[in-house]
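The values are calculated or read from the model by the stated rules, or taken from the named source; none is laboratory data. Everything quoted here is computed from the prediction, not taken from an experiment. Here Cβ is always computed from backbone atoms with ideal geometry, including for glycine, and neighbour counts include all displayed protein chains.
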Amino acid sequence: MTNEERGQGFKGARGQVEKPLNLQTLEPSNPLFEDFMPPERTPFQDFWMVFKGNGMAMAGLIILLIFFALAIMGIITTSGEKPILDPHTVRLPDKLKPPLSKPTIDSVPKENLPYLGIYLLGTDELGRDTFARMLQGAIVSLSVGFVAVGISIILGVLIGGIAGFYGENMIKIGKYNIMTIDTMIVALIDIQLSFPTFFLILTVVALLPPSIWNIMAIIGITGWVGPARFVRADILSLREQEFILAAKSIGAPDFRIILLHLLPNSIAPVLVSATIGIATAILTESALSFLGFGVPPPNATWGNILSDGKKYIFDAPWLTYIPGITILFTVLAFNLFGEGLRDTLNPKLRT
Amino acid sequence: MLVFTVKSLYKKFITLFFVSVISFLIIHLAPGEPSQINPLNPRFTKDDLERYRAAFDLDKPLHTQYLLFFKKLFTGNLKSFKDNQPVMGKITERFYNSLLLFFVGTILTWCLAFPVGIHAAIKRGFTFDRWTTFLSYALISLPGFFLAYVMIIFVVEVFNVPVLGMRTFGREGIGFPFTPMDKLWHLVLPSILEATAGIAILSRYVRSQMLEVIGQDYIRTAKAKGLTDDEVNYNHALKNALLPFVTMFGMLLPGLIGGSVIIESIFAWPGMGRMGYEAILARDFPIIITLNFFSAVLVLAGTFVSDLLYMFVDPRIKL
C-alpha cells in the first residue's frame, strides 16, 4: 500500500472507500463517535462515583483527612526550639487539671502558660498539656501504622509474587528435587499462622532494646501473611489469562510481566487489607504501650498517654477517655474506609 | 480418608517442628541472657553464675540446648527460671482458669453473633442492619483495654463492687452457694470483654455468609414453591450458610492464649495469658517457649479438627 492509497481513507463495511475521518469534526450523531472518543470517565472517576455513594466510607475518609491535618499541625506546632504548644513543659502547680480549665496564673511562670490561655484537653500528672501531647503523638501513632503496614506489604507482595509466578520451579539441592517453591512458601505461611501473633510481638519487643523502629519492624514482619496470600491467589489465576500469554509471546521479560501486568491487577485486595492493617497496627501499638513495651518516653503516643493515665483513672478520667476515643475514631475511620474500598473495588458490586 | 489423615498429621508435625525451632531461636538469640539479670549483685559470684548456667543448660551449644529443652518438656522435668517449679504443672494450673474464661466468652460470642448476623442479613438495608453494621465496626476499632477501663469505672462507681481477680478478697470459705456465685460474678466482665471483638467479627461474617446463600437459585426455588419466609430462611438458607463455621470451631482454640494477655492482665485473672506476660517481664524463657509451643499445638490441632469436621458435614468434599 502506498502512502497515497493510505491517504484515501479506509474501507467501510460495504467495501467502498469512505471519506477520511477527521476526529476534530466528528459529530456525536455519527455511529463511529463512540469508538473514537476516549471513555467518558477515567477508572479513578469511575471508582470515585461509586465510592461517593457509600456514606460510611466517606465519613471514614473525612475523619482520616482531619486526623492527617491534625498530625501535620502537630508537627508544626510542637517541634522546634520554642514550640507554640510545648508538650514537654512541666507545670507542677497545674497537675491533673480537667479539660477547659484555666491555668493558675500566680504559680506558673509566664513563659510556661499554654498558648491558648486554657488547657483545652486538661493536663496530666506532671502538668503537661494533654492537647499538645495528643498533637505530638498523632504523627507517631499514624506513622507506626503506615511504616508497619508498608513493611508487611512489601514482604507480602514479594513472597506472594514469587509463590504465584515461580511457584512451580523446584528447589534443588545437588541433583535432588526437594520441593517446589510454592510448597515451601505455603509451609512458611502455615508456620507464621501457627504463632500467637500478639504474644510473639510482645515477646520480641520485650527482648529487644526499646525503640520505635523495632516496634514498627516487628508489627510489619509478623503481618506479611495476608498480602502474600492475596497476591499469590490472584497471580495464580491471572497468569493463565490471555493477556499474559500475549505479553510472553512478544518476549516481555518476567519482571515486566510481573510489575506491569500482574501486580496492578492484583493490587485491589492488597490495598484493602493494607488499610485495615493500618488500623490493626495502631491498635497493636497502643496495646503494647499499654503493657509497658511501647514507644519509649520522650515520644508521646496515644497509647502512652492512655497507659500513663490509667493510674489516675478515678481522679483524672480524661487522661483515659481522650486518647481512648481518639484511637477509637482513627481506627474506626481506617476500618470504614477499608471496607468502603473493598465494596468499591469489587467489580460484582459495580453498576 | 486414612491417607488424608496421615498426610495432614505429617505436615502438621513438620510445621510444629519449625515453629518450635523458630521460637527457640528468637528467644535465645535475642540480646541479653537470663543469667545476666543482675550482674552487679555482689552475692551473685562467678561460681553461682556457672552453677546457674549449668543447671539450666545455658552453657551448652544451642542445638544441644534445644534437644535437652524438649526432652525435659516432654518428660515433665522442665523447670521455670524464676521459681524452679515444673513448667507443666504451672501451665496446667493456669490452663483451667483460662479455659473457664475462654469457654464463657465463646458461648457469649456464638450465642449473640449468630442471631444478630442472621437477622441483619434477612433485614438487609433496614435500620437494624445499619446499626449493627456500624456497631460492629465500632467494637472492632475499640482498644480492648480502653473498653475494659471504661467498664471498670462504670461498674465500680455504679454498683460499688469488686471486679478484679477470681474471687473477692477476704471472702474465702463462705460456703457452697456463695463461692461459685462469687466466681461467676468475677467471670462476667472479663468474659464479656473477651467476647466483644469476637461478636463484632463473627456477626459480620455470619451476615455475609447468609447474604451469599440467600442470593442462590435454590432459595428462589424454595420461595417459589410457596414456603414461608421462616422455613426458607432457617431450613434452607441457614443450614448451608452454617457450613463454613464448622471450620471456625477449630480456629477458636488459639484464642486461648494470644487473645487474653491484656484482659487477663487488667483483671488480674490468673490465666495463661497473664502468665505469659509475667514470664516475659521476668525473662522466664522456659515458660515463654512452652506457651508458644503450646499455642502452636492448639492452632494445628484446631485446623486438623476443622478439616475433619468439614469432611463430615459437607458430603461434597471427599478426600
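Residues of segment B:162-176 being at positive phi and either at pLDDT below 75 or not in a loop (DSSP other than H, G, I, E, B) (or both), which ones?
B:G170, B:G173, B:G175
Determine whether A:T301 is in contact with a Phe, Trp or Tyr (Cβ under 6 Å, 6 or more places away or on another chain), within 13 Å of chain B (Cβ to nearest Cβ) and among the polar types (S, T, N, Q).
Criteria not met by A:T301.
Right, B:M88: more than 30 Å from B:E231 (Cα to Cα) and within 14 Å of chain A (Cβ to nearest Cβ) or not?
So B:M88 fails the test.
Condition test on B:E157, is it within 13 Å of chain A (Cβ to nearest Cβ) and not in a loop (DSSP other than H, G, I, E, B)?
Yes; evaluated as a whole, the condition is true for this residue.
Would you please name the residue that is farthest from B:L139 (Cα to Cα), looking only at residues in segment B:184-228 that are in a helix (DSSP H, G or I) and among the polar types (S, T, N, Q)?
Looking at the filtered set, the residue picked out is B:T221.
Checking the condition under 21 Å from the mean Cα position of the chain (by Cα), among the basic types (K, R) and under 30 Å from B:G165 (Cβ atoms), which residue from B:R283, B:R274 passes?
B:R274
Six or more apart or on different chains, Cβ under 6 Å: which pairs go from a residue in segment A:229-245 that's closer than 18 Å to A:R256 by Cβ to one that's among the β-branched types (V, I, T)? Could you list them?
Within 6 Å, the pairs are A:V231/A:V157.
Suppose the filter is in contact (Cβ under 8 Å) with a residue 12 or more places away in the chain, surrounded by 18 or more Cβ atoms within 10 Å (Cβ to Cβ), closer than 26 Å to B:L300 by Cβ and among the β-branched types (V, I, T); does A:I191 pass it?
It is false that A:I191 is in contact (Cβ under 8 Å) with a residue 12 or more places away in the chain, surrounded by 18 or more Cβ atoms within 10 Å (Cβ to Cβ), closer than 26 Å to B:L300 by Cβ and among the β-branched types (V, I, T).
Does B:K71 fit the bill of being within 14 Å of chain A (Cβ to nearest Cβ), surrounded by fewer than 17 Cβ atoms within 10 Å (Cβ to Cβ) and either at pLDDT 80 or above or closer than 30 Å to B:A195 by Cα (or both)?
no
Taking the condition of being in a helix (DSSP H, G or I) and either under 13 Å from B:P286 (Cα atoms) or of a type in the set (K, R) (or both), how many residues in segment B:68-89 meet it?
Looking only at that region, the number is 10.
Examine segment B:229-244 for a residue that is small (G, A, S) and part of a helix (DSSP H, G or I), and state whether such a residue exists.
yes
Does A:G324 satisfy the condition of being at positive phi and within 13 Å of chain B (Cβ to nearest Cβ)?
Criteria not met by A:G324.
What are the residues in segment A:211-232 that are under 19 Å from A:S289 (Cβ atoms) and either crowded, with 23+ Cβ neighbours inside 10 Å or more than 12 Å from chain B (Cβ to nearest Cβ) (or both), if any?
A:S211, A:I212, A:W213, A:I215, A:M216, A:A217, A:I219, A:G220, A:G223
Mind checking which residues of segment B:133-161 are modelled with pLDDT under 90 and loosely packed, with under 15 Cβ neighbours inside 10 Å?
The answer is B:F134, B:F154, B:E157, B:V158, B:F159, B:N160, B:V161.
Here are the criteria: (1) surrounded by fewer than 19 Cβ atoms within 10 Å (Cβ to Cβ); (2) assigned to a helix (DSSP H, G or I); (3) of a type outside the set (S, T, Y); (4) more than 14 Å from chain A (Cβ to nearest Cβ). Tell me which single one B:L101 does not satisfy.
Failing condition for B:L101: (1).
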